[in-house]
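Only the coordinates and a few stated rules stand behind these numbers; no lab work does. A quick note: this is a predicted structure, and the numbers were derived from the prediction, not measured. Cβ: placed from backbone, ideal geometry, glycine included. Neighbour counts: every protein chain shown.
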Amino acid sequence: MELVALYKRVIGHDSHQAKITACALIEEPDSSMRIEQRQLGAFERDRRELAVWVASLHPDEVVMESTGIYWKSPYAALETVDVRAKVANA
């Protein structure tokens, strides 16, 4: 049985008090996989940079870990660029 990918462009990120780590898995048209990673600070400018980067990749799915209250600001930044993330428990 062959597994078929449901999503071709997925981004996951983890937000902490001082750092945001994000990873994108992108399936290219030739079926190869491209991985992009970003580590950003937790300032407003960093959250805006994260949101612009995520939006530029046109993801099928964005998932983030619900680390305390630290997910709220990055989530709001993603909303400003019309990206809806799923917040998941660790």
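Evaluate the following for Ala18: is it free of Cβ contacts under 8 Å to residues at least 40 places away in the same chain, out of contact with any strand residue (DSSP E or B) (no Cβ under 6 Å at 6 or more places or on another chain) and over 24 Å from Ala5 (Cβ atoms)?
Yes, satisfied.
Hey, among the residues in region 1-36 that are more than 20 Å from Met64 (Cα to Cα) and hydrophobic (A, V, I, L, M, F, W, C), which one's surrounded by the fewest Cβ atoms within 10 Å (Cβ to Cβ)?
Within region 1-36, the match that is surrounded by the fewest Cβ atoms within 10 Å (Cβ to Cβ) is Met1.
Of Asp82, Asp46, which residue is on the phi > 0 side of the Ramachandran plot and of a type outside the set (S, T, N, Q)?
On inspection, the qualifying residue turns out to be Asp82.
Of the residues Ala24, Ala51, Ala42, Ala76, which single one is touching a helix residue (DSSP H, G or I) at 6+ places or on another chain (Cβ under 6 Å) and of a type in the set (A, V, I, L, M)?
Ala51
Any idea how many residues of region 67-82 are among the hydroxyl-bearing types (Ser, Thr, Tyr) and either exposed (fewer than 12 other Cβ atoms within 10 Å of the Cβ) or under 13 Å from the mean Cα position of the chain (by Cα) (or both)?
1
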